[in-house]
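Take a look at the structure below.
The values are calculated or read from the model by the stated rules, or taken from the named source; none is laboratory data. Note that the structure is a prediction, hence the values are computed from the model and not measured. Cβ atoms come from the backbone with ideal geometry, glycine included; neighbour counts cover every protein chain shown.
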Amino acid sequence: MDSVYRAVLLDHFHNPRNKGDLDAMDRVKRGSNPRCGDEIEVGIKTDKKVLESVKFRGRGCSICLASASIMSECTTGLTVRQAQDLIRQMLAWFDDTQADAPPVTTLAAFGAVRQHPARKKCVLLAWIALDEALA
Amino acid sequence: MDSVYRAVLLDHFHNPRNKGDLDAMDRVKRGSNPRCGDEIEVGIKTDKKVLESVKFRGRGCSICLASASIMSECTTGLTVRQAQDLIRQMLAWFDDTQADAPPVTTLAAFGAVRQHPARKKCVLLAWIALDEALA
Amino acid sequence: MARVSAKATSVAPPDSVDFDAIRKDFPIFNNSAQTLHYLDSAASSQKPDCVIDTIADCYRSHYGPVHRGLYPLAESASESYEKARQTLAQFINAPSSDEVVFTRSATEAINLIASGWAGPRLRAGDEIWLSQMEHHSNFLPWQRVCRDRGASLRVIPLDSSGQLNLEKAVGLFGSKTRLIAITQVSNVLGTINPLEAIINQASRHSIPVLVDAAQSVGHMPVDVQSLNCDFLVASAHKMCGPNGIGILYGKKERLMETEPLLLGGGMVDQVQSENSLWADIPARFEAGSPNLAGALGFAAAADYIQKIGRHQIEQREQDLAASAFEVLSGIDGVTIYGPDNSQKRSGILSFNIEGFHPHDIAQIAGERGVAIRAGHHCCQPLMQHLGISSTARASFSFYNNQEDITALESAILETKKILGA
Amino acid sequence: MARVSAKATSVAPPDSVDFDAIRKDFPIFNNSAQTLHYLDSAASSQKPDCVIDTIADCYRSHYGPVHRGLYPLAESASESYEKARQTLAQFINAPSSDEVVFTRSATEAINLIASGWAGPRLRAGDEIWLSQMEHHSNFLPWQRVCRDRGASLRVIPLDSSGQLNLEKAVGLFGSKTRLIAITQVSNVLGTINPLEAIINQASRHSIPVLVDAAQSVGHMPVDVQSLNCDFLVASAHKMCGPNGIGILYGKKERLMETEPLLLGGGMVDQVQSENSLWADIPARFEAGSPNLAGALGFAAAADYIQKIGRHQIEQREQDLAASAFEVLSGIDGVTIYGPDNSQKRSGILSFNIEGFHPHDIAQIAGERGVAIRAGHHCCQPLMQHLGISSTARASFSFYNNQEDITALESAILETKKILGA
Ligand SMILES: Cc1ncc(COP(=O)(O)O)c(C=O)c1O
Ligand SMILES: Cc1ncc(COP(=O)(O)O)c(C=O)c1O
């Protein structure tokens, strides 16, 4: 079996990017998974429809936290529209576990997690919170 | 398999004894099996605690009607106490399908029916009605 | 969520199916000392090897808890459970597998809708309609909820041939009607009800319809989208599947309006001290540990039936019933209830023989290896309509054959010989 | 009716049981490519050959409808179904098999009592008591019925070691208490509750007690007469039996007071247009076609467990849990919840590792063939008490062994290595 714990994920878990205080953000949305008690808050700061900053804080498993961290990296600097597109692609990629290519290569680290439907929510928690923040 | 349709039963089914009008009886009790719609009324006439007459009427399967007929024969002439004893023995004999000997030999015709728990109620319907009439 | 694309009924009927070969799929016919003429499939059907093996194999090699674990056995259990749901969704052509709830049985499914959907919305004076031919399972739950809520239980009467007499059902599509609950096929008469027409009219009056498909779904093509019913219920054990599992189909909007019947593990997102937050549909209706082996066995049965083809099964069972109808009507004193032989009926035939009690017919037939039923078949309201207390019933499945009919005929003649005057 | 004479727990414990041989009764341990360290038996247990074969054999050679036919297959189906009920009655030492109802699950059984017994008799201001460690299945049904009836749901708090804090349960045996519903063994902490003492006191105040035996009945001797509980519920699938079947035990007088949850075929004597007449107990509570294969599989599981001996099973599982407790407490950062190792507990151990999420522990363990659970285990109220959102849980059955504990230890060490800073 393919371990879900790829080096990239572990790196983001141990050294989360853009994690911390959300006080300075324009909009903050919370995602929670009542089934495991995980909670992630995602905050954004936009300038002329461009995501100047994406940050998060919260608690969750390694996959959940790494996903939030990777997401914040992937989306910072995108336009709102681009970020929304990326979120759509990410969700679609998780729904179709046969499809090969991830929307962007950094997300390839989640390839193995897609084979574990029970972890899907861990990965997507931050993404869905971001989607709501963008809405 | 032992057929339940012994000659004795068939004889009583075709030539029921003591079947008919119950108007002249002292006490009449009705037994019914809602699961198959069968209904038997049993009437008794007693004289000094002796069953002078036991009669029945109603509708039911051959086993049910033959049982009522045989019962009426077996119990006519008994004291109330004796009839109650016989009913107890009959019920016990049906509960313990291992026991060999019937309470009285005429009842041996029901031997094979005892192997068919679903028919138990057919056989005992009249007996239970009589028991209530005696109570 | 999971969308179902393939249409359940789109397979073109092949020219012929080898039903003699198919009978061999059912081990019970090889395992009885006496030749078994099983004519009680309307009560519960026999099971093919593929269903039995699926269940045994699940316990032997794949068993794990559903929806709850992160290790491989549990993950594959969850996946195959959801795949079974998809199979059943396809089997009835549900738009989405989220609209298919695994229940304990058709009976539980009806009770769930009676207490969880009808209960909260029935008001005094409202009406629920059903028919005079309903099984107790599609009668008693409505009787109770109507009584509890001060509503009226209304009954579509039957005509003399055992068809719905819709003309006499005054108010059926009236403004007081909150739900129509009706069987697709009578388990006593074999009548096939004109549900398309009823539902069509009901939907024009925005009246939801629940279809009791216990006697239809394994015997003819059933498509909830073309039927356009709001709810549909069925049991696995009547369609070659295992005991102890059934389905409720409900349109998503209807299920969203339904309160769960059972509360417990797996159906809740958040438990709070005052109130709790239910999970999404269909999990909301599946409190307690899911029945993995049951779901897999059920799906295997659906696949098996689908492979034979429901058009083919329908034709085969109608042919058997028509042949039996002819044979039985040739016997002196026999009354057959329900549609006559010129009408379409399912493989169910109820009859009586003048002067003989159904118990005796069934018992003597049983002694000769012919398994038929005697009783009210959980249809006392129908018996009241027929003015009888019970019938004998022979019900045919595709695994039956002409020899079964011959054996039935002999058993009836034998009954007359043994018990005849 | 059928009286049960043999005492379920009267067998003297033999000196030793060969549990290595017993493990071979479970085909899944031979059928996995990777060695399977199954430590999730509290969710659902694995099945021995004898149970699987009983089910397959039922469908292959003996299958027929229960309680409804007069032909041999149907008669033997009815008989073996009732014999299974007797086996279960003996298993819990019920005075009569009429007091044992087959349900879909422990969950259904609790819902039945909540809505059918408590529902009609709860008045505003009444109280139902349960404990802080209850499974959602023994929590939510009471929450709903209390809310619907204006009654109060009261909770027995726990002390720091996960034991009931009865002293703080002020009013537990008070005049407002209508029922106490409590688990015999916690599915998270492994705590064994002192039910004898509680029921003793409750019965002096005429307060009925429902025992949730889902986690106990397959793991220790359980005797409803010596417990003197009013109701007891359990599921087959947690004690080596099949999915989709459970039991409700109730004292006859209590069951006579209980309204059925499900209405339908088989539970009614007479259907009338206004009201209907229920059948006797236990049939009254078993609407719909009975689950024959489930009942036979359940009885086979009870026989199997009975043959090993529940004293022996209890000892074995306690030994395994104690050993695992010691191993786990030796690992840095591990917190084990519930009773400490000097107290009696069942074979269930919940734990966390500082800095690591239970999901990650379970996932990494799973990748290494160690099947443990992560989550709230359907015990959110308990999680709230513990101030955590989830735990990892290893639950032991008699078929586990020391190697499973070693594998668990390695998996935890591995988790720390992979995810450690
Ligand atoms: C303590 C306890 N009670 C009740 C249940 C419910 O059992 P089931 O899901 O089989 O209905 C469980 C298991 O899930 C349990 O652990
Ligand atoms: C027409 C009809 N509806 C409902 C049922 C109930 O099905 P089950 O007993 O499997 O719940 C039956 C069969 O018993 C039936 O024939």
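Scanning the range A:82-93 for residues that are within 10 Å of the chain's Cα centre (by Cα) and among the acidic types (Asp, Glu) turns up nothing.
The C-beta contact set for the range A:40-52 (first residue surrounded by 14 or more Cβ atoms within 10 Å (Cβ to Cβ), second residue assigned to a loop (DSSP other than H, G, I, E, B) and among the charged types (D, E, K, R), distance under 7 angstrom, 6+ apart or interchain) comprises A:44/A:26; A:45/A:26; A:46/A:26.
Residues that are of a type outside the set (A, V, I, L, M), more than 16 Å from ligand 2 (Cβ to nearest atom) and outside any helix (DSSP H, G or I) were ranked within the range C:276-302; the one that is farthest from the other protein chains (Cβ to nearest Cβ) is C:282.
Per the listing D:356, D:398, the residue uniquely of a type in the set (Phe, Trp, Tyr), under 24 Å from the mean Cα position of the chain (by Cα) and not assigned by TED's automatic domain parsing to the domain that holds residue D:159 is D:398.
Here is a yes/no grid of residues against (1) in contact with a strand residue (DSSP E or B) (Cβ under 9 Å, 6 or more places away or on another chain); (2) within 24 Å of residue C:397 (Cβ to Cβ); (3) in a helix (DSSP H, G or I):
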| residue | (1), (2), (3) |
| --- | --- |
| C:33 | no, yes, no |
| C:56 | no, yes, yes |
| C:59 | no, no, yes |
| C:82 | no, no, yes |
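Residues that are part of a helix (DSSP H, G or I) and either in contact (Cβ under 8 Å) with a residue 40 or more places away in the chain or outside the structural domain of residue D:236 (by TED's automatic domain parsing) (or both) within the range D:61-80 comprise D:77, D:80, listed in sequence order.
Scan the range A:23-33 and give yes if some residue there is touching a Cys at 6+ places or on another chain (Cβ under 6 Å), within 14 Å of chain D (Cβ to nearest Cβ) and of a type outside the set (Lys, Arg), otherwise no.
If we filter the range A:23-33 for residues that are touching a Cys at 6+ places or on another chain (Cβ under 6 Å), which is where we start, we get none.
Scanning the range A:23-33, I find no residue that is touching a Cys at 6+ places or on another chain (Cβ under 6 Å), within 14 Å of chain D (Cβ to nearest Cβ) and of a type outside the set (Lys, Arg), so the answer is no.
Do the conditions hold for residue A:92, that is, is it within 14 Å of chain C (Cβ to nearest Cβ) and closer than 17 Å to residue A:3 by Cβ? Answer is no for this residue. Are there any pairs with C-beta distances below 8 angstrom linking a residue in the range B:1-19 that is at positive phi to a residue that is modelled with pLDDT of 90 or more and of a type in the set (Val, Ile, Thr), with the two at least 6 apart or on different chains, and if so which? Correct list of pairs: B:18/B:54; B:18/B:76.
Name the residues in the range D:103-117 that are within 16 Å of ligand 1 (Cβ to nearest atom) and either more than 10 Å from chain C (Cβ to nearest Cβ) or of a type in the set (S, T, N, Q) (or both), would you? Selection gives D:103, D:105, D:107, D:111, D:113, D:115. The set of residues from the range D:91-128 being within 16 Å of ligand 2 (Cβ to nearest atom) and free of Cβ contacts under 8 Å to residues at least 60 places away in the same chain is empty.
If a residue has to be within 14 Å of chain C (Cβ to nearest Cβ) and closer than 16 Å to residue A:7 by Cα to count, how many in the range A:103-121 make the cut? Result for the range A:103-121: 2. Scanning the range D:247-270 for residues that are more than 16 Å from ligand 2 (Cβ to nearest atom) and more than 8 Å from chain C (Cβ to nearest Cβ) yields a total of 14.
The rows are residues; the columns are (1) more than 8 Å from chain C (Cβ to nearest Cβ); (2) farther than 28 Å from residue C:393 by Cβ; (3) at pLDDT 95 or above.
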site	(1), (2), (3)
D:42	yes, yes, yes
D:46	no, yes, yes
D:67	yes, no, no
D:73	no, no, no
D:76	yes, no, no
D:87	yes, yes, yes
D:119	yes, yes, yes
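Residues that are within 14 Å of ligand 1 (Cβ to nearest atom) and assigned to a strand (DSSP E or B) within the range C:248-270 comprise just one, C:268.
Taken over the range C:266-276, the residue count meeting the criterion of being surrounded by fewer than 20 Cβ atoms within 10 Å (Cβ to Cβ) and in contact with a Pro (Cβ under 7 Å, 6 or more places away or on another chain) is 2.
Here are some residues: B:81, B:35, B:57. Which one is of a type in the set (Lys, Arg), surrounded by fewer than 24 Cβ atoms within 10 Å (Cβ to Cβ) and part of a helix (DSSP H, G or I)? Being of a type in the set (Lys, Arg), surrounded by fewer than 24 Cβ atoms within 10 Å (Cβ to Cβ) and part of a helix (DSSP H, G or I) holds for just one of B:81, B:35, B:57, which is B:81.
Count, please, the residues in the range A:60-72 that happen to be over 9 Å from the mean Cα position of the chain (by Cα), assigned to a helix (DSSP H, G or I) and of a type in the set (A, V, I, L, M, F, W, C).
The total comes to 1.
Please tell me if residue D:100 is among the β-branched types (Val, Ile, Thr), under 30 Å from residue C:285 (Cα atoms) and more than 13 Å from every other protein chain (Cβ to nearest Cβ). Here the answer is yes, as residue D:100 does meet what is asked. For residue A:124, the conditions (1) touching a residue at least 60 places away in the same chain (Cβ under 8 Å); (2) within 14 Å of chain C (Cβ to nearest Cβ); (3) closer than 23 Å to residue A:53 by Cβ; (4) of a type outside the set (S, T, N, Q) are fulfilled apart from (1).
Taking every residue in the range C:221-237 that is over 8 Å from residue C:211 (Cα atoms) and assigned by TED's automatic domain parsing to the domain that holds residue C:106 and pairing it with any residue that is among the aliphatic types (A, V, I, L, M) and within 16 Å of ligand 1 (Cβ to nearest atom), at least 6 positions away or on another chain, the pairs with Cβ-Cβ distances below 7 Å are C:236/C:245. The set of residues from the range C:86-126 being under 20 Å from the mean Cα position of the chain (by Cα) and among the basic types (Lys, Arg) comprises just one member, C:104.
Residue-level check: of (1) touching a residue at least 12 places away in the same chain (Cβ under 8 Å); (2) within 14 Å of chain D (Cβ to nearest Cβ); (3) over 27 Å from residue D:58 (Cβ atoms); (4) not charged (D, E, K, R), residue C:273 misses just (1).
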